[in-house]
Amino acid sequence: MKKSILFATLVSLSFASFARAEGQTREASQERLRHAGEVLSEIMAAPDKGIPEEVLHHAKCIAVVPHLIKGGFIFGAEGGRGVATCRTANGWSAPAFFSITGGNWGLQIGVEGIDLVMVFQGDTGMRRLVASHFEVGGDASAAAGPVGRHASANTDWQMNAEILTYSRAKGLFAGLTLNGAAVRRDDDSTGAFYGTEIPTRDILSGQVAPPPGSEVFLNSIREAKAQSASTE
């Protein structure tokens, strides 16, 4: 019992430390964009173990959470902040900031930082992200995404899930089940980065020009999409 209480305390302190370290300044938001871009670039640098070309080709939006804190003892918990962009008529949108928190049930021991990638498929998945508040696996259907250069023809990844989720931990990249996690707009980071409160819908629909500091993240998205051009 004492060990469980101690572990729960350590998990709480880890989440609190994460929140303080992340900060709410424009510099912190730019740093998150840079880290998110690096995560995606590193994943796509190993195409045989990355996100399949077909998945990227069909993606309406892509979201990255660099260093999601995941911990648990009997029950699990996740917490992190990320950035997302959606396809528009003129390319990829300016980045929108969000937070993700939640839990799952299962035997988990320890606290671990992982990189999370979410690929939103179709218009329905995109609308979930634009809505700025939804639950993965509840409001929006989600599934662990296929991994490799090409998605297997006999999988139903395209038909049954609005969101495909992936994780990278200790160099290993794999599909991830993230049911129960709540995704919400990150008001503080949005205000810090854009200098004002801009609706997520305006950002992801392309009505807002990408501010300076968005380049690394958006370039990584464009490069990843370019790798899937052979499937178009």
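Where a number appears in this text, it was derived from the coordinates with a stated rule and is not lab data. From a predicted model like this one, the values you see are computed outputs, not experimental measurements. Ideal geometry is used to build each Cβ from the backbone, glycine not excepted, and the neighbour counts take in all protein chains shown.
The label-point distance for ALA174 and GLU27, in a model that sets each label 7 Å from Cα toward Cβ, rounds to 3.8 nm.
Placing pseudo-labels 7 Å out from each Cα toward the beta carbon at GLU197 and ASP48 gives an inter-label distance of 5.1 nm.
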